[in-house]
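Take a look at the structure below.
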Amino acid sequence: MTKSSDAKTPRRATSPAELTRAALVRAALKLFGRQGFDGTSTREIAAEAGANIGSIAYHFGGKEGLRAAAADFIVETIQAVAGQALNEQAATAGDPEAARAQLFAALERMVGFVVASPQAGEIVQFVLRELSHPTAALDRIYDGVFEPAHRRLCLLWEQATGEPAESERTRLTVFTLIGQVIYFRIGREAVVRRMGWPDIGAAEAAKVVAATTDNLGAMLAARKGAGMKGPRQ
């Protein structure tokens, strides 16, 4: 079963102005991801958010500022989801077993958010467009989430296996761990068709957790010898 993060979630908007701003960011995230930045008009964003078109200039200075705000929303959201799993690594220093447990916990939380959370679909679509055509928004996401999260996972891998965190092999291994989770989101339609699932809900996500953590256990065992077992084995 997937676990929900206990990390602090992004602060909720309360005033009418904050609510309008938040609605515009969510609308932009959805439409930029679905239609692209150039293919989305400010009028469409305002209509999706139920806001006056002038509120975009008022809150963000224009469409480009709104894209930056959408990127910042992604950073804040993912930091909140991943924070607990990745910020506890100091306690694992010198304890390979604890580091391995943290890797399993981090992978499970990734699946719970990336695969099972409806919100993740909009985030992944937005990020994929940025990766295809990088802008300053991608810089914000990379600096705020991608690089620090990847570095922390690499350090956990070092603590778990003894392999240097910044070695090429470790960095590629961590990308492999992340990539297998991301596929279940970007290849979602193919997965549900091939698996015969109506959708990917909690029960299906739990099966994805089992498969991905089995893979992690096998990777750890390959590094340290057949005697190393993951918690699910």
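No lab work stands behind these numbers, since they all come straight from the coordinates. These numbers come from a predicted model, not from an experiment. Because the Cβ atoms are built from the backbone with ideal geometry, glycine has one as well, and the counts that use them run over all protein chains shown.
Take each peptide in 50-63, 17-30, count the other Cβ atoms within 10 Å of every residue, and average; sorted highest first, the result is 17-30, 50-63.
Rounded to the nearest 20 debye, the dipole size of the chain about its Cα centre is 440 debye, using +1 on the Cβ of Lys and Arg and -1 on the Cβ of Asp and Glu.
Between the entries (i) 17.0, 53; (ii) 19.3, 63; (iii) 17.7, 59, the label attached to Rg and Dmax of the Cα atoms in Å calculated for this structure is (ii). Dividing the convex hull volume of the alpha-carbon atoms in the range 127-233 by its residue count gives 131 Å³ per residue. With the simple model of a label 7 Å out from the Cα in the direction of the Cβ, GLU97 to PHE146 spans 3.8 nm.
Look at the dipole of the range 102-221 built from charges on Cβ: of GLY112, MET219, GLY162, the Cα furthest out on the positive end belongs to GLY112. Among the chymotrypsin sites (Phe, Trp or Tyr not before Pro) found in the range 169-198, not one is both in a DSSP coil and sparsely packed, with 14 or fewer other Cβ atoms within 10 Å of its Cβ.
The mean sequence distance of close C-alpha pairs (under 8 Å, at least 6 residues apart), as a share of the length of the chain, puts its relative contact order at 23 percent. With contributions of -39500 (n - 2.57) from each DSSP H run of at least four residues, the per-residue ellipticity at 222 nm computed over the chain stands at -22500 deg cm²/dmol.
From largest to smallest, the equivalent ellipsoid semi-axes obtained for the range 138-187 from the alpha-carbon gyration tensor read 20, 15, 8 Å.
Among the lysines of the chain, pairs at least eight places apart or on separate chains and with Cα atoms under 30 Å apart come to 11. Spacing of the modelled spin labels on ALA190 and ALA136, each 7 Å from Cα toward Cβ, amounts to 3.6 nm.
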